[in-house]
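In what follows, a single structure is set out as structure tokens and then discussed.
The values are calculated or read from the model by the stated rules, or taken from the named source; none is laboratory data. Treat the numbers as computed from the prediction; the structure is a model and nothing was measured. Please note: Cβ atoms are built from the backbone with ideal geometry, for glycine as well, and neighbour counts cover all protein chains shown. Please note that ligands, DNA and RNA were not included when accessible areas were found on the heavy atoms of the full protein model with its side chains. Shrake-Rupley method; radii C 1.70, N 1.55, O 1.52, S 1.80 Å.
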Amino acid sequence: MSIPEKMSGVRLTGHGGPETLVWSDDIPVPSPRADEVLVKVLAAGVNPTDINTRVGWYARDAAAEGGGWDGALDFPRIQGGDLCGRVVALGANVQGIDLGARVICPINQAEPTPENPMGFVALGSEYDGAFAEYCCVPARHLFDVTLSPLSDVEIGGMPCAYGTAHNLLTRSGVAAGDSVLITGASGGVGYAAVQLALLRGAKVTAQCTAAKSAHVMATGATVIDREAVLVAGAFDIVIDIVGGPRWMERLDALRPGGRYATSGAIAGPMVEADLRTIYLHDLTIFGCTHQSPETFAALVEIINAGSVRPLISKTYPLRDIGRAQQELQSGTHPGKLVLLPCGGAS
């Protein structure tokens, strides 16, 4: 196919509000380096992490440098950590990926160093991502999903949410028969965790607002309101993306020897806990951001088999990214919202 010299996309010009997202029809199409692949973006999910990066949320205090996953960002930056795309050009020496293949990649891409064996870079944070018509991705981080029965839009909403959820379940060792509490179950990561935990044979209790519980109940999980009081010692594992003032209650809900895994703090990052509960009950706490290639490869097998299907509530033309992020923050829609670089909305 013919590759243009210029493309349309959204540039993040600095940390701040939606006004820092600037549309351009004059962005040079990147050329893949020796280890990279040029991908035409077919669909790109909308995620809280994109908003967090935009506003500089990852800097833990006002004096800290930067607000990206790994410190200061280079501006302008093309964000977008969710990618479903088509391979249109290969860098020199790239092997194992075919032109025309439909591909995805994890948002958190393992790049270990001797100093940090769990080091990673994030698509759309440390390098340009999917909020444009094209992007370059290191070939080693791409996975082929050509044969998946899922649509481009469905797959475009999966890498971040389902990759995060699968990592949470893998790190905490969710297995058949485990009693698992999942918070924020109507959102992207929470709903993905419910589906994937059920696929593993776990007994899932999903916590979410009643107004957005119908699609969660349809999975077969037990659903409780997000304000429900948790029973002490009721669960083997807690998968938490909420955090906030009720954090200690979730630890109390674990049985002795229980496991708690977190990858988010949508109700607030600052929490208080009684350390006696943690050590007297022999609890294990997992912070889950780094994703091993093997963990994401296992998710790709699930995607290629079509074993789970994401809930896509709405799609938007990429130009409407500001509206899409506003509606994501408002919690108007359950499941996932997806941007289409070539237009289209629902």
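Mind counting the residues in segment 197-233 that are out of contact with any Leu (no Cβ under 8 Å at 6 or more places or on another chain), charged (D, E, K, R) and not in a strand (DSSP E or B)?
3
Can you tell me which residues in segment 234-250 are farther than 29 Å from THR332 by Cα and not in a loop (DSSP other than H, G, I, E, B)?
Answer for segment 234-250, where residues must be farther than 29 Å from THR332 by Cα and not in a loop (DSSP other than H, G, I, E, B): PHE235, ASP236.
Filter segment 169-196 for residues that are over 26 Å from LEU337 (Cα atoms) and in a helix (DSSP H, G or I); which is nearest to the chain's Cα centre (by Cα)?
ARG171
Could you grab me the full set of residues in segment 252-272 that are touching a helix residue (DSSP H, G or I) at 6+ places or on another chain (Cβ under 6 Å) and closer than 27 Å to ALA175 by Cα?
Correct list: ARG259, ALA261, SER263.
For every residue, the table says whether it meets (1) in contact (Cβ under 8 Å) with a residue 40 or more places away in the chain; (2) crowded, with 18+ Cβ neighbours inside 10 Å; (3) among the β-branched types (Val, Ile, Thr).
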residue	(1), (2), (3)
ASP225	no, no, no
ALA234	yes, no, no
VAL238	yes, yes, yes
MET248	no, no, no
PRO256	no, no, no
TYR260	yes, yes, no
SER263	yes, yes, no
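Residues that are over 30 Å from LEU311 (Cα atoms), touching a Cys at 6+ places or on another chain (Cβ under 8 Å) and open to solvent by 50 Å² or more (accessible area, probe 1.4 Å): list the strands (runs of 3 or more DSSP E) wholly contained in segment 1-51 that include at least 3 such residues.
none
With respect to LEU275, is the statement that it is open to solvent by 50 Å² or more (accessible area, probe 1.4 Å), more than 17 Å from CYS160 (Cα to Cα) and among the hydrophobic types (A, V, I, L, M, F, W, C) true?
yes
When segment 300-346 is examined, which residues are found to be over 26 Å from ALA218 (Cα atoms) and either outside any helix (DSSP H, G or I) or touching a His at 6+ places or on another chain (Cβ under 8 Å) (or both)?
PRO317, LEU340, PRO341, CYS342, GLY343, GLY344
Exactly one condition in (1) assigned to a helix (DSSP H, G or I); (2) surrounded by 18 or more Cβ atoms within 10 Å (Cβ to Cβ) is false for GLN291; which is it?
The failed condition is (1).
Out of TYR134, TYR162, which single residue is open to solvent by less than 20 Å² (accessible area, probe 1.4 Å) and within 14 Å of SER263 (Cβ to Cβ)?
Being open to solvent by less than 20 Å² (accessible area, probe 1.4 Å) and within 14 Å of SER263 (Cβ to Cβ) holds for just one of TYR134, TYR162, which is TYR162.
Can you name the number of the only condition in (1) touching a Ser or Thr at 6+ places or on another chain (Cβ under 8 Å); (2) closer than 24 Å to PRO334 by Cβ that ALA211 fails?
In the conditions (1) touching a Ser or Thr at 6+ places or on another chain (Cβ under 8 Å); (2) closer than 24 Å to PRO334 by Cβ, ALA211 misses (1) alone.
Based on this model, can you work out whether THR183 counts as among the hydroxyl-bearing types (Ser, Thr, Tyr) and open to solvent by 20 Å² or more (accessible area, probe 1.4 Å)?
no
Can you list residue pairs whose Cβ atoms sit under 9 Å apart, with the first residue in segment 170-183 being more than 15 Å from LEU254 (Cα to Cα) and the second being among the β-branched types (Val, Ile, Thr)? Count only pairs 6 or more apart in sequence or on different chains.
Sorted first by the residue in segment 170-183, then by its partner, the pairs are THR170/THR295; ARG171/THR295.
Would you please list the contacts, defined by Cβ atoms under 7 Å and residues six or more apart or on different chains, that run from a residue in segment 23-35 that is under 12 Å from LEU318 (Cβ atoms) to a residue that is of a type in the set (Val, Ile, Thr)?
TRP23/VAL10
Which pairs have Cβ atoms under 8 Å, sit 6 or more apart or on different chains, and link a residue in segment 108-125 that is in a loop (DSSP other than H, G, I, E, B) and surrounded by 12 or more Cβ atoms within 10 Å (Cβ to Cβ) to one that is modelled with pLDDT of 90 or more and of a type in the set (D, E, K, R)?
Filtered contacts from segment 108-125: GLY119/GLU111; GLY124/ASP50; GLY124/ARG77; SER125/ARG77.
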